[in-house]
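Have a look at the structure below before the remarks.
Read-outs throughout are calculated quantities, based only on the coordinates presented, and are distinct from any laboratory measurement. As the structure is a computational prediction, the values presented were derived from the model and not from experiment. Cβ sites come from the backbone with ideal geometry, for glycine too, and all protein chains shown count toward neighbours.
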């Protein structure tokens, strides 16, 4: 277990660090003060707990919101409060967190709180997975993909960073179902998804938008990055593999759209996905297992007529 300790009181920080090191399962304790920057994209949060003082909790949520939605944080949080009444956890039902007064905590209580939080977090993860992920393919469902894309667009505009989206429309999936049966069709979809999921970054999101249509969100990625990823995916899919005892390759049309907030600012989830879908349709029109790029045109604003 990795602990991220955010507390500006040096005495409390030292005591907590000593108490935490008494727990055998703790691998490391990382201490942060005001002005810290959690490297959320690099750090492995799956087996971590954040311990934060109550006065730093709001700042922590602001920082995490750059990378995660308000209802989705990567690990449980223990908030150290001034008293039992000073923080109401019931207002954060979507998060796995607990609050406990610093003055009442002991090493034994601390170990109990951490174990309970991790157990609850694992249970919450299972429930969220059932609610937000496609059970057949492991891709996020339309709702979660939409939420993450909206969050990424807002972050891109705020940070001035590009993002890209790839839209996948499988070629002749109906023919696969008709020829080999629906069980093979399901295995075909799973193999397609596995290929993509294994090749993307932790910061990317792969979603199933419905039927045989999928999308890949790539934050902090320019058009060239998206094209390279599309080419890599199509190469890997073209290799034959055993799918339900049939030797099959997988073919998909891909539509690519990239958004640079320095050039375009009037973009939203609906328009971004719409542009990528339009590009995928163009790929299908041109042939088999191809990709196309839709370049967003900046709308020209007509100049006001000069007074006579």
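For residue 200 and residue 297, what is the calculated FRET efficiency with R₀ set at 35 Å and r taken between the beta-carbons, to the nearest 0.05? It comes to 0.80. Modelled label positions at residue 248 and residue 12, each set 7 Å beyond Cα in the direction of Cβ, lie 5.8 nm from each other.
Sort 75, 31 by Cβ crowding within 10 Å, fewest neighbours at the top. The partial results should precede the final answer.
Details: 75 21, 31 16.
Starting with the residue having the fewest Cβ neighbours, the order is 31, 75.
Among beta bridges from DSSP that stay inside the chain, the antiparallel ones total about 50%.
Our helix-only sum for the chain, with -39,500 (n - 2.57) per DSSP H run of n ≥ 4 divided by its residues, gives a mean residue ellipticity at 222 nm of -13500 deg cm²/dmol.
Classify segment 241-297 from the C-alpha gyration tensor, please: rounded if a/c falls under 1.5, else prolate or oblate depending on whether a/b exceeds b/c. List each step's numbers first, then the result.
On the way: a/c = 3.59, a/b = 2.56, b/c = 1.40.
Prolate shape, in that a/c is at least 1.5 and a/b is the bigger ratio.
For segment 98-196, what class follows from the C-alpha gyration tensor (a ≥ b ≥ c being the square roots of its eigenvalues): rounded when a/c is under 1.5, otherwise prolate if a/b is larger than b/c, else oblate?
Numbers: a/c = 4.55, a/b = 1.80, b/c = 2.53.
Judged from the Cα gyration tensor, segment 98-196 comes out oblate (a/c at least 1.5, b/c at or above a/b).
In the chain, one over the average inverse separation of all distinct C-alpha pairs is 22.1 Å, which is the Kirkwood hydrodynamic radius. Rounded, prolate or oblate: pick one for segment 142-294, where a ≥ b ≥ c are the square roots of the eigenvalues of its C-alpha gyration tensor, a/c under 1.5 means rounded, and failing that, prolate if a/b is larger than b/c, else oblate. Prolate shape, in that a/c is at least 1.5 and a/b is the bigger ratio.
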